[in-house]
Amino acid sequence: MTTMTPLSARSIAAEIEAGRLSPQAALDQCQRAIAEHEEEIRVFSCLAKDWQPGSGPLSGVAIGVKDIFDTYDLPTSYGSPIYEGHQPVVDSALVTMLRQAGATIAGKTVTTEFAWFEPGPTRNPHNLEYSPGGSSSGSAAGVAAGFFPAAVGTQTGGSIVRPAAFCGVAGYKPSYRLFPSIGMKHFSQLLDTIGFFAAQVADAAFVAAACSGRDLSVDERNTAPPRIGVYRSSIDHLMEGEMVDALEVLAKQAEESGAVVAEVSPVPEVEAARQAHAPIQDFEAAATLADERRRHPLQLSDRLRDHLNAAARITPQTYDDARRIANRGRKASRDLFENCDVLLTASAPGVAPKTLASTGDSSFNRLWTLLGLPCVNVPGLTANNGLPLGAQIIAPFGQDKQALQAAHWLETVIRQKRLD
């Protein structure tokens with residue numbers, strides 16, 4: 001399949017404001033793409049039937065919503081047969097924010113089972129034999145396919161940044177709790193973080209700013225190169241050769257474009273926190289899904305049921321110890337930015353897996369999710385087989401605009417170098 005061109009939310013809004021495009025015409029364009037390609041890509045768990053433009057900065061912008069967010073007018077199944085046909089009576093807080101900003105909810109996008117591991121039917125628009133990543137599979141693939149200009153996802157390990165990398169779109173994971181999770185089905189409350197997918201970084205920033213009222217939009221006039229720290233971690237050996245080469249070239253291109261680029265060595269307390277992610281996630285998942293496990297065990301996938309059974313044996317002491325290690329890592333993470341504005345790492349070990357049975361490796365994402373830092377997948381890198389590669393920008397906690405601005409700058413560098 002030839003990948004469709006992703007739609008720019010920011011450009012759509014600008015065209016509508018200028019009177020050159022009607023909100024309904026913008027929505028119609030998305031519906032045509034869905035009609036043509038949904039059968040092969042399988043983005044939706046439920047497609048909305050009545051697309052009406054709202055009023056506000058996101059009027060005419062269709063948004064895909066991961067099917068773990070409650071919607072009053074669409075069923076919410078959380079990727080599980082346990083909740084087949086489940087109809088919430090109110091919207092989740094984030095969906096309400098989007099509607100109030102004028103967005104049109106295109107439908108519910110495919111998620112893995114309870115946003116964990118078991119893949120759904122979604123395929124990668126760049127090559128249908130490859131995984132789109134997960135757990136926000138449909139959200140990332142839908143943006144890449146041009147089904148909607150933006151989408152909502154969540155990240156517990158790497159479920160925004162990784163599928164964004166595999167599908168070649170921007171993925172913005174905000175600082176922890178920057179966006180409300182009320183009305184969302186949790187897997188791990190201490191880790192689950194809401195975020196956004198869009199064609200480019202500026203589009204993701206625009207949608208996030210429009211629905212939240214926060215100062216998150218990138219400033220096109222601010223062309224000051226950031227100070228970039230290339231993070232050398234204990235897991236760099238997991239990167240595929242093409243990913244290693246792509247990061248080295250990107251760091252060199254950034255330096256040639258005016259950025260101050262230097263290596264950043266691991267901080268022991270930060271690296272130690274890697275080991276805290278699993279016990280925190282699994283202890284909380286065992287509690288969050290306790291009733292599903294107790295009353296509907298046969299409707300859970302074998303893999304999730306076995307995982308939850310093992311997770312239920314994690315002791316409170318182990319969980320509390322892991323939280324203490326994580327807290328030390330969060331405090332120590334400030335030292336990573338002593339001489340740089342943002343960090344640069346891989347978004348994933350390499351390209352998407354050539355199988356729909358796997359959502360890929362989240363090793364390069366879990367630590368930053370645990371620390372609660374804002375992360376952005378920067379699209380534009382490509383492997384020799386034509387599939388996307390992803391570079392990840394990370395900023396200090398609460399410095400989301402800084403992360404988005406730096407990621408936008410780096411994305412511009414990638415685009416310019418491709419044209420040279």
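Key figures for this structure:
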| item | result |
| --- | --- |
| Selected residue (criterion: surrounded by the most Cβ atoms within 10 Å (Cβ to Cβ)) from residues of region 32-66 that are hydrophobic (A, V, I, L, M, F, W, C) and under 26 Å from ARG303 (Cβ atoms) | VAL43 |
| Residues within region 20-51 that are among the hydroxyl-bearing types (Ser, Thr, Tyr) and free of Cβ contacts under 8 Å to residues at least 60 places away in the same chain, tallied | 1 |
| Residue that is surrounded by the fewest Cβ atoms within 10 Å (Cβ to Cβ), among those in region 67-123 that are touching a residue at least 24 places away in the same chain (Cβ under 8 Å), part of a loop (DSSP other than H, G, I, E, B) and of a type in the set (Val, Ile, Thr) | VAL90 |
| Residues located in region 223-235, provided they are surrounded by 17 or more Cβ atoms within 10 Å (Cβ to Cβ) and of a type outside the set (Phe, Trp, Tyr) | PRO225, PRO226, ILE228, GLY229, VAL230, SER233, ILE235 |
| Residue among GLU263, GLU256, GLU220, GLU269 that is loosely packed, with under 13 Cβ neighbours inside 10 Å and in contact with a Lys or Arg (Cβ under 6 Å, 6 or more places away or on another chain) | GLU263 |
| Test: residue in region 161-180 that is in contact with a His (Cβ under 7 Å, 6 or more places away or on another chain) and assigned to a loop (DSSP other than H, G, I, E, B) | yes |
| Residues that are over 22 Å from SER11 (Cβ atoms) and assigned to a loop (DSSP other than H, G, I, E, B), drawn from region 27-48 | ARG42, ALA48 |
| Check on GLU248, without any contact (Cβ under 8 Å) to a residue 40 or more places away in the chain and either of a type in the set (Lys, Arg) or touching a Gly at 6+ places or on another chain (Cβ under 9 Å) (or both) | no |
| Test: ILE16 is of a type outside the set (Phe, Trp, Tyr) and more than 23 Å from the chain's Cα centre (by Cα) | yes |
| The lone exception for TRP51 - which of (1) assigned to a loop (DSSP other than H, G, I, E, B); (2) under 22 Å from the mean Cα position of the chain (by Cα) it fails | (2) |
| So PRO379, is it touching a Gly at 6+ places or on another chain (Cβ under 9 Å) and either closer than 19 Å to VAL264 by Cα or assigned by TED's automatic domain parsing to the domain that holds ASP341 (or both) | yes |
| Answer residue from region 133-147, given it is in a loop (DSSP other than H, G, I, E, B) and either of a type in the set (D, E, K, R) or within 14 Å of SER45 (Cβ to Cβ) (or both) and is nearest to the chain's Cα centre (by Cα) among those | SER136 |
| Those residues of region 255-284 which are small (Gly, Ala, Ser) and over 17 Å from ARG232 (Cα atoms), in sequence order | SER257, GLY258, ALA259, ALA276, ALA278 |
| Qualifying residue in region 219-235 (condition: among the small types (Gly, Ala, Ser), at pLDDT below 95 and under 30 Å from ALA322 (Cβ atoms)) | yes |
| In region 294-308, the residues that are of a type outside the set (Ser, Thr, Tyr), surrounded by 13 or more Cβ atoms within 10 Å (Cβ to Cβ) and within 28 Å of the chain's Cα centre (by Cα) | GLN299, LEU300, LEU304, ARG305, HIS307, LEU308 |
| Tally of residues being aliphatic (A, V, I, L, M), in a loop (DSSP other than H, G, I, E, B) and more than 12 Å from LEU94 (Cα to Cα) across region 181-213 | 3 |
| Breaking point among (1) crowded, with 24+ Cβ neighbours inside 10 Å; (2) more than 14 Å from the chain's Cα centre (by Cα), for ASN385 | (1) |
| Conditions (1) part of a helix (DSSP H, G or I); (2) out of contact with any Pro (no Cβ under 7 Å at 6 or more places or on another chain); (3) more than 17 Å from LEU343 (Cα to Cα): number failed by LEU250 | (3) |
| Conditions (1) assigned to a loop (DSSP other than H, G, I, E, B); (2) closer than 23 Å to TRP368 by Cβ; number of the one not met by SER333 | (1) |
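Rundown of residues vs (1) of a type outside the set (Ser, Thr, Tyr); (2) under 15 Å from GLY171 (Cα atoms); (3) part of a strand (DSSP E or B), yes/no style:
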| site | (1), (2), (3) |
| --- | --- |
| PRO349 | yes, no, no |
| LYS354 | yes, no, no |
| ALA357 | yes, no, no |
| GLY360 | yes, no, no |
| PHE364 | yes, yes, no |
| THR369 | no, yes, no |
| LEU381 | yes, yes, yes |
| ASN384 | yes, no, no |
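The values are calculated or read from the model by the stated rules, or taken from the named source; none is laboratory data. All values derive from a computational prediction rather than experimental measurement. Quick reminder, even Gly has a Cβ in these numbers, built from the backbone with ideal geometry, and neighbours come from all protein chains shown.
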